[in-house]
Each structure stands twice: as C-alpha cells, then as structure tokens.
Amino acid sequence: MTELSLFEKTSSYNGVYMTLMVNRMQMLYFAIIMPVFLIYPYMIWMIIIVGALSQISIFMLSKWFTSKYASSGYEGFVDLFGEPMVRLLSFIGIGFILLKVTVITLGYVEVVQQFIFPSLNTNWMILFILLICWYVASLGMDSTIRFIVIAFLFTAPMLLLLLKFPFQPYATIHDLFPLIPYEWTMKSWKSVLFIWSAFSGPEYLVLLAPWFNTRAKILKYMTIGNAFTVFEYVFIFIASLFFFGSHYLGEIKLPVVEMIRYLNFPVFERIDIIFISVYLFHFVFAISIFLLLFYGAIRITLKKSKVQTTRSGFALCCFIFILCLMLLNEWLWKKATNQNILLELEIWAGALTYLFVPLLLFISFKRKVRD
C-alpha cells in the first residue's frame, strides 16, 4: 500500500481563507432552490433575522478556534471528550456527511441534466464529478483548502448576473409586499427552518482548525463570511420576487437558473450553461472537503487515526462514496416523493448540526477550562 499524506499540515492559512470558506459552505445547493421554499416577501426579514442568529453559532465556533484544543486537531477532541465519545461522534458524522453530499451532488447533477445534458445518464455525471473531487482531495487538505480561492473567484461574481432583474420594466415595488405577514402558519415556520439550515456548513470547519493560524481575529473573518451570505441570500430572493412575483415563484423548482436563462448578451446566448458549468468549481471544492472529512471520520471510527493514510484506503473510501451516491440516485432521488424526503432530511440535519455542534463544543471546552 503506497503512503499518501492527506492530512499533513505544510502551511497555515490566514483569516481570509476562513471568510471565503464560511461563505461558500453556506452557499451550496440551497442557494439555487431557496426562493421556492420562502415565496412570501416578508421572508426577506427572516433571512436577515436568521442571519443575525447565525452569528451566535459563528461566535461559539470562533471561541473553539481560539481554544488550545482546536490547534491539536484529533488529540484536542480526545482531550475534550475522550476517545470512545470521539469515535461515536465520528460514526454519527459519517451519516451527516453522506446525507449532505448526496443532496448537493444529486441536486447539482439534476440541474446539469435539465439545462445542459437532458439525455445523459445521471450516474455518468455523478462519476465524472466525484472523480474530479477524488483527484482534488488526493492532493491533500492543504491543496483542497487553497482551492477555495478558485471556487470563490469563479462563483461569487455570478451574483452580478442578477443585477439586471430589479431594474426591468415589469419589476415593481409591489412585488415586495407584504413585508409584514398577515398570518403565521406552519409553512412559515418550515421556511425559517430552511433558512437556518441554509446557513449551516461552517460547523464542519472546526475539523480544519489546525490549518488556520489567525486565531485572535477569527471571529471577524467568520463574521464577514456570514454577513456576505446574508447579503447574497437577500439579493437572490429579491431578484426572484421581481422576476416571478410571489404568486408564481412557488411553481418554479429552480428559479435562479430559470431567471438566468432569460439573460441574453451579444456574445453569449446561453448564459445559464456558463453559470451552471462555472458553479462546478464550487461543488468540487465542497465535495472534496467532505470527502476528506468522510475518510477521516471512517479512520477515527475504526481506530486507524494514528496509522499513515494510504492510496488504497482512500481509493476504497472514494469507491464506497461513489457507490452510495449512485444507489441513492437510483432508489431515491429519481422519484419526486423520495427526493422530497431526502431534502427534508437534509434541512433537518443541517439545522441540527449548525445548532448543536457549536453549542456542544462551546459548553464542553468552557466546562473543561472551569474544571
């Protein structure tokens, strides 16, 4: 078995990387389907309020980054929780990671099939994307973290494509009314839950703490990333309301891509193809990070964390990953009702991890320090 240094730390990264990673981890598949789940204009306020509440989780995560346990990586978690509990949490984390990657990968593949390759088998697209992620992840955690710069520079400017919609002749200020709800229903609460889940993602970054060296100002950098996410979600939602109106918005499955389809430029006719293709950088970064975390969680669960990583072990892990996604695609995602079940599970899973992971870490190390 050939050795492979996947988790070797060769350099430390400053807070700018943390800003970019917080923002991009919060802007995955849910950013594309978000307007469908919100619909009502008063959800603009909910995005801002939930974004402010998200700052509480960001604050607790930043406290973890500044603790002495964070820089120790795996050993820090063992000191805090004990090895049996760390192995149990890793085993649970495998399921959460697999669910998240399943939803974002199959969701993106569905977008590609609907707008670019309608006749191509989705399993081939899954294989193609995961082989790219396999290559990126095989370069190690250091190189994968650096890839965030490419992912951000290619995908964040895509937001500028939506600038045109609020200034169209058909866009009126009445599309943003009512800003205060006439009634509050169970559907409204589900929308709030969806927003909270959409802000999840930064909780997985606690596992990357040894690779970051800016601990004193980590809260500032994480806050900037979270604030930019709030701005992006609000802007996307307002653009969707101006283009579709709240009455029609709920009927569109992929409103962001559908809006971009209507854009025409003298040089490029199909801007949506460029948008979807460029967004692959974003998903490759996120899936590659989760693939490394998946491999690490399996190693910890099997008590192999102190054994050198190998190419055959990582290849086997990637093969299991690809096989699981293909099976879930065939058995669940291709059926609309089962697809909704997976989305519901991911909404709840993201909401739970973003609430309890920062809370658990914050309470645990504060109690440890006090003792």
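The values are calculated or read from the model by the stated rules, or taken from the named source; none is laboratory data. Predicted model, so just to flag it, every value in this text is computed and none were measured. Cβ placement follows ideal geometry from the backbone for every residue including glycine, while neighbour counts extend to all protein chains displayed.
Identify the residue in the stretch 210-239 that is among the small types (G, A, S) and part of a helix (DSSP H, G or I) and, among all such residues, is farthest from S67 (Cα to Cα). Walk me through it before giving the result.
In the first step, residues of the stretch 210-239 are kept if they are among the small types (G, A, S); the result is 216, 225, 227, 239.
Checking which are part of a helix (DSSP H, G or I) leaves us with 225, 227, 239.
Details: G225: 21, A227: 24, A239: 41 Å.
Within the stretch 210-239, the match that is farthest from S67 (Cα to Cα) is A239.
Taking interchain pairs and intrachain pairs at least six residues apart, which have beta carbon atoms under 8 angstrom, with the first residue in the stretch 341-363 and at positive phi and the second among the small types (G, A, S) and modelled with pLDDT of 90 or more?
Here the result reads none, with nothing in the stretch 341-363 linked to a residue that is among the small types (G, A, S) and modelled with pLDDT of 90 or more.
Every residue, every condition in (1) modelled with pLDDT under 90; (2) farther than 28 Å from V284 by Cβ, yes or no:
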residue	(1), (2)
E3	yes, no
G15	yes, no
L20	no, no
V36	yes, no
I49	no, yes
L53	no, yes
W64	yes, no
L80	yes, yes
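Select, from S288, S246, S305, the only residue that is surrounded by 15 or more Cβ atoms within 10 Å (Cβ to Cβ), closer than 29 Å to V206 by Cβ, small (G, A, S) and at pLDDT below 85.
From the options S288, S246, S305, the qualifying one is S305.
So how many residues does the stretch 291-331 have that are part of a helix (DSSP H, G or I) and among the polar types (S, T, N, Q)?
Count: 3.
Any chance the stretch 80-90 includes a residue that's of a type in the set (F, W, Y) and closer than 28 Å to F228 by Cβ?
no
Can you pull out every residue in the stretch 148-207 that is aliphatic (A, V, I, L, M), surrounded by 11 or more Cβ atoms within 10 Å (Cβ to Cβ) and modelled with pLDDT under 80?
Filtering the stretch 148-207 for residues aliphatic (A, V, I, L, M) gives 148-151, 153, 156, 158-163, 171, 173, 176, 179-180, 186, 192-193, 195, 198, 205-207.
When the remaining residues are screened for being surrounded by 11 or more Cβ atoms within 10 Å (Cβ to Cβ), the result is 148-151, 153, 156, 158-159, 161-162, 171, 176, 179, 192-193, 195, 198, 205-207.
Within the stretch 148-207, A171, L176, L179 qualify.
Considering only residues that are under 12 Å from V36 (Cα atoms) and not small (G, A, S), which ones fall in the stretch 217-248?
Those that are under 12 Å from V36 (Cα atoms) and not small (G, A, S): I236, F237, L241, F244, H247, Y248.
Looking at F365, is it aromatic (F, W, Y), farther than 16 Å from C133 by Cα, touching a Lys or Arg at 6+ places or on another chain (Cβ under 8 Å) and in a helix (DSSP H, G or I)?
Judged against the criteria, F365 is a match.
Answer yes if at least one residue in the stretch 66-88 is within 20 Å of the chain's Cα centre (by Cα) and under 23 Å from S200 (Cα atoms), and no otherwise.
No: zero hits.
Go over the candidates A227, A198 one by one and state the one that is among the small types (G, A, S) and in contact with a Leu (Cβ under 9 Å, 6 or more places away or on another chain).
A198
Residues of the stretch 256-275 being in a helix (DSSP H, G or I) and out of contact with any helix residue (DSSP H, G or I) (no Cβ under 6 Å at 6 or more places or on another chain), which ones?
Selection gives E258, I273, I274.
Would you please name the residue that is surrounded by the fewest Cβ atoms within 10 Å (Cβ to Cβ), looking only at residues in the stretch 329-356 that are more than 18 Å from V101 (Cα to Cα) and at pLDDT 85 or above?
F356
Taking the stated definitions as given, is I33 under 25 Å from A227 (Cα atoms), touching a residue at least 12 places away in the same chain (Cβ under 8 Å) and crowded, with 17+ Cβ neighbours inside 10 Å?
For I33, the condition - under 25 Å from A227 (Cα atoms), touching a residue at least 12 places away in the same chain (Cβ under 8 Å) and crowded, with 17+ Cβ neighbours inside 10 Å - is met.
Given the options F77, F65, F96, F81, name the one that is buried (at least 18 other Cβ atoms within 10 Å of the Cβ), on the phi < 0 side of the Ramachandran plot and without any contact (Cβ under 8 Å) to a residue 40 or more places away in the chain.
Values: F65 fails: without any contact (Cβ under 8 Å) to a residue 40 or more places away in the chain; F96 fails: without any contact (Cβ under 8 Å) to a residue 40 or more places away in the chain; F81 fails: without any contact (Cβ under 8 Å) to a residue 40 or more places away in the chain.
Within the list F77, F65, F96, F81, the selection yields F77.
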